[in-house]
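No value in this document is a laboratory result; all are computed from the given coordinates. Bear in mind that the values here come from a model prediction, so they are computed numbers and not experimental data. As a convention, Cβ positions derive from the backbone with ideal geometry for all residues, glycine included, and neighbour counts pool all protein chains shown.
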There are 2 protein chains.
Amino acid sequence: MTDASAKPGSLGPQSSGRRPALTREQVLTAALKIVDESGVEALTMRRLGQALDRNPMAIYRHASDKEDLLDGIVEQVAAELVTPSPPEHDRDGGGDDGWENALRRTAHTFRRVALAHSNLVPLLVTRPLSGPLALRPLGTLLPFEELLEVFINAGFDNHGALHAARLFTGFLYGHVIHELQERVHAPDETDDLLRLGLHRLPVTQFPRLRSLAAELAAYDGAAELDEGLTILLAGLRSQLLT
Amino acid sequence: MTDASAKPGSLGPQSSGRRPALTREQVLTAALKIVDESGVEALTMRRLGQALDRNPMAIYRHASDKEDLLDGIVEQVAAELVTPSPPEHDRDGGGDDGWENALRRTAHTFRRVALAHSNLVPLLVTRPLSGPLALRPLGTLLPFEELLEVFINAGFDNHGALHAARLFTGFLYGHVIHELQERVHAPDETDDLLRLGLHRLPVTQFPRLRSLAAELAAYDGAAELDEGLTILLAGLRSQLLT
DNA sequence: GGCCCAGGGCTACGGTGTAGACGTTAGACG
DNA sequence: CGTCTAACGTCTACACCGTAGCCCTGGGCC
């Protein structure tokens, strides 16, 4: 051990400095970067250690597990979803259909964030399944709490609000899943059928899908989200009036 | 066909008789069994080989990849979703709101199948993200094609049908994800707050969620699905009338 | 001073997916 | 009949994975 050649030092002068010490946030940010750039399967303890210029095992000081690491990433992204400004006192004014606009904004924010971290979407949607709701990282529950608030302020009772909130987040999940599936197959092909790869589908089994080539080609995520919102909000509104 | 009693002695180092040769379906069935019983993370090439009493490498003759294996499993479960009886000629009769009932049935079937393979749900929801729609295993597209059929017969135009089908499957995804999250934490505790683990949540941050303990405790999946359907169908119906 | 202990480094272990070469056989075809 | 071929199964080997366990170090505490 006398040989303290300090390994891949390559840093500044050997003598003094200990490096400034990692924080959980740095770890999570680096991990998220890897996922964003190269996909979930590229997120490896060794690669993450490399990105942090630390020994892979150092990570375990800030995340007990790889599972915990993934939870942390999701939680960090979930933080991008919480609305920064609590519209507290506008309840008196036009609180009439304000809740619908609030939901529209929430939906578009969710869409934007999800698309900005599209590689993370599988985790975002799937992590909640790893355990009962109340044991999930608190940060991931905050957006849901905010939704509940919106619905209750809109006039739903407890049961209705819980239900509406579930319906709404389910809708959001569904939307991004579908939108991410719309990746074009061969962008240089002119014919819609070919460009989307729909020619692969047997005509007899998939008459409907094949005939939708034009619609599929003209996909517009934001518009689709809005249309879905219109339908969903109509349903919720009718529920509220009874 | 599942009966594999054909195995002669199941031993005899290399006695003589050749075993009846594997089929892709057998491989997928065995894989699905492992997933159902022990979770996705337990599905390992070696373990699957063991379950099939074959060398792990034999699997690669029937699935090019582990990815392909997973796709195959999902496809097999998707086959449980296709409605066996095509109601062809009842189009004349009471085609009025028949489509709503059809959707209700579809939804409950989906729920039943998803809960029967709850360990597979993450894959079911997530696999579609692994590539463009038209490149997915055909079997997984069939339920979608059937949905399109329903909506078009109900009177939606191409665009509307595509949209409605996406909305509907997104709703189904969302529902099962939420339902699976309702696993009770400590079933022997009498107080709802404690039993659900909600006491973990800081009161100041989660007033709404905590106050919903009773509702959360009384969760009924089928009922929730029906309520969601009511809302969603109301929205779709109003869309159809315009 | 003495102590503690959080943060980081290193090695090592058991497990993973799968490439590649090799055997064996059932059936096609002359 | 013999020969060829393609499918199926086996084995070995490799690179990589998550992480248990132990050590060292330095700054804050009494």
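Averaged over peptide B:134-144, the number of partner chain Cβ atoms lying within 10 Å of each residue's Cβ comes to 4. For chain A, set up a GNM with springs between Cα atoms under 10 Å and report which of A:18, A:112, A:136 has the largest fluctuation. Judging by the Gaussian network model, the answer is A:18.
Placing +1 on the Cβ of every Lys and Arg and -1 on the Cβ of every Asp and Glu, with no other charges, gives segment A:24-64 a dipole of roughly 220 debye about its Cα centre. With respect to chain B, whose longest principal axis is taken over its alpha-carbon atoms, helix B:158-180 is tilted by about 70°. The residue among A:187, B:214, B:168 whose Cα reaches farthest toward the positive pole of the charge dipole of the protein assembly as shown, with charges on the beta-carbon of Lys, Arg, Asp and Glu, is A:187. Counting Cβ atoms of other protein chains within 10 Å of each Cβ in A:146-154 and taking the mean gives 2. With neighbours defined as other Cβ atoms within 10 Å of a residue's Cβ, the residues A:199, B:178, B:62 order from fewest to most as A:199, B:62, B:178. Can you tell me which of B:170, B:155, B:197 moves the most in a GNM of chain B? Springs connect C-alpha atoms under 10 Å apart. Looking only at B:170, B:155, B:197, the biggest GNM fluctuation is shown by B:197. Taking all Cα pairs closer than 8 Å and separated by 6 or more residues, the relative contact order of chain B comes to 16 percent.
Within the straight-line cut-off of under 20 Å between alpha carbons, the aspartates and glutamates reachable from residue B:33 are B:3, B:25, B:41, B:53, B:65, B:67, B:68, B:71, B:75, B:80, sequence neighbours fewer than 8 places apart in one chain being disregarded. Highest mobility in the GNM of chain B, judged by mean-square fluctuation with C-alpha springs under 10 Å and restricted to B:43, B:212, B:103, is found for B:212. A cut-off of 5 Å between modelled amide H atoms, ignoring neighbours fewer than 5 places along the same chain, links residue B:184 with no other residue. Put a plus charge on the Cβ of each Lys and Arg, a minus charge on the Cβ of each Asp and Glu, and nothing anywhere else: the dipole of segment A:75-214 about its Cα centre is then about 700 debye.
The mean number of Cβ atoms from other chains found within 10 Å of a Cβ in peptide A:115-125 is 2, as a whole number. The ranking of B:45, A:57 by Cβ neighbour count inside 10 Å, starting from the fewest, reads A:57, B:45. Taken one residue at a time, the phi angles of segment B:232-242 give Karplus couplings (6.51, -1.76, 1.60, θ = phi - 60°) of 5, 5, 4, x, 5, 4, 5, 5, 6, 7, 6 Hz. Gly and Pro are set to x. Summed over qualifying helices (DSSP H, 4 residues or more, each -39500 (n - 2.57)) and divided by its residue number, the protein assembly as shown shows a 222 nm mean residue ellipticity of -17500 deg cm²/dmol. Under the convention of a label 7 Å out along Cα→Cβ, give the distances in nm from residue A:116 to the same position in every other copy, shortest first. Values, ascending and in nm: 4.3.
Rounded to whole numbers, the Karplus 3J(HN,Hα) couplings from phi for segment A:186-202 are 9, x, 8, 6, 7, 6, 4, 3, 6, 4, 7, x, 6, 4, 5, 7, x Hz, using 6.51 cos²θ - 1.76 cosθ + 1.60 with θ = phi - 60°, and x at Gly and Pro. Couplings 3J(HN,Hα) for segment A:136-148, derived from phi with the Karplus relation 6.51 cos²θ - 1.76 cosθ + 1.60 (θ = phi - 60°), are 6, x, 4, x, 7, 8, 4, x, 5, 4, 5, 4, 4 Hz, where x marks Gly and Pro.
Exposure proxy ranking for A:38, B:64, based on other Cβ atoms within 10 angstrom of each Cβ and starting from the fewest, stands as B:64, A:38.
Distances between copies at residue B:184, taken between label points 7 Å from Cα along the C-beta direction, are 5.3 nm in increasing order.
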